[in-house]
Amino acid sequence: MDFLSFGGLSLRPGVQKQTMLTRVQQHYPDLVAGYEKVFRDDRQSGAADGRYYARLEARFQTSLRNWKLPGRVPHRLFRGLMPLYAEVSVLLEHLEFEGKLHGTVRSDLARTGMAIQQWARSRLSRNARVKGYDASAVEREFRSSVEDGTLLQVPGVAQSAFPAVREIVRESSQR
């Protein structure tokens, strides 16, 4: 096994929730009361009671530690399959997740990754009609802004996260 991932169940009120509860009743009648309790608030989003997600997250993190597995897709499985700015953003979120799992809190990493994604999206949408300006052009601009440090001028890019960004970009150049 390469990694472990999870997602919490959501049940939107109406047909979706009723269909699920009907199926649970048919196949696992002893679980219906638990589902009804967790989804009793009938939130429009279908989200369960927050305590459900907290318990699920705790069990997930315990499993990751016990099995010594990453909780995110390993980089080797997606390396080079997306523009570098997107890859950096994903890796920053992964680093933050792993840090939290092991007791190191760094909220600057994922925030910086989101800022990089917003920067790239703004470049793509603003220049969508310019011939030859596409994801690869944004990638070249991104590499250049990391090399010369101007990426630090992008709102939301944390100086404390910049060394990680620079290291990821350097590693990608060595491929």
Mean separation of Cα contacts under 8 Å (at least 6 apart) over the residue count of the chain, i.e. the relative contact order in percent, is 19
In whole percent, the fraction of accessible protein surface over the chain that belongs to carbon or sulfur atoms, probe radius 1.4 Å, stands at 53
Per-residue ellipticity at 222 nm attributable to helices in the chain (runs of n ≥ 4 DSSP H, -39500 (n - 2.57) apiece, nearest 500 deg cm²/dmol) works out to -18500 deg cm²/dmol
Calc'd 3J(HN,Hα), region 64-81, phi into Karplus 6.51 cos²θ - 1.76 cosθ + 1.60 (θ = phi - 60°), Hz, glycine/Pro = x, comes to 4, 5, 5, 8, 6, 10, x, x, 9, 4, x, 4, 4, 7, 10, 3, x, 9
Under the rule rounded for a/c under 1.5, else prolate if a/b exceeds b/c, else oblate, using alpha carbon gyration tensor axes a ≥ b ≥ c, region 130-175 is classed as oblate
With the 1.4 Å probe rolled over protein heavy atoms, region 125-169 has an accessible area per residue in Å² of 61
Low-density loop trypsin sites (Lys or Arg not before Pro), region 17-69, at most 15 other Cβ within 10 Å, DSSP non-H/G/I/E/B, are ARG40, ARG43, LYS68
So the pair-distance distribution of the chain, from every Cα-Cα distance in 10 Å bins, comes to percents of 9, 27, 25, 22, 13, 4, 0
About its Cα centre, the chain carries a charge dipole, from +1 on Lys and Arg Cβ atoms and -1 on Asp and Glu Cβ atoms, whose size in debye to the nearest 20 is 220
If unit charges are put on Cβ atoms (+1 for Lys and Arg, -1 for Asp and Glu) and the dipole of the chain is taken about its Cα centre, the option from GLY103, GLN18, ALA33 lying farthest towards the positive end turns out to be GLN18
Taking a ≥ b ≥ c as the square roots of the Cα gyration tensor eigenvalues, with a/c under 1.5 meaning rounded and otherwise prolate when a/b beats b/c or oblate if not, region 55-154 comes out prolate
With x for Gly and Pro, the residue-by-residue ³J(HN,Hα) of region 131-146, computed from phi through the Karplus equation 6.51 cos²θ - 1.76 cosθ + 1.60 at θ = phi - 60° and given in whole Hz, is 4, x, 9, 9, 4, 5, 5, 5, 4, 4, 5, 4, 3, 4, 5, 6
Treating only Lys and Arg (+1) and Asp and Glu (-1) as charged, each at its beta carbon, one finds that region 106-175 has a dipole about its Cα centre, in Debye to the nearest 20, of 260
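The values are calculated or read from the model by the stated rules, or taken from the named source; none is laboratory data. Bear in mind that the values here come from a model prediction, so they are computed numbers and not experimental data. Please note: Cβ atoms are built from the backbone with ideal geometry, for glycine as well, and neighbour counts cover all protein chains shown. Side chains are part of the model used for accessible areas, which takes the heavy atoms of the whole protein and leaves out ligands, DNA and RNA. Shrake-Rupley method; radii C 1.70, N 1.55, O 1.52, S 1.80 Å.
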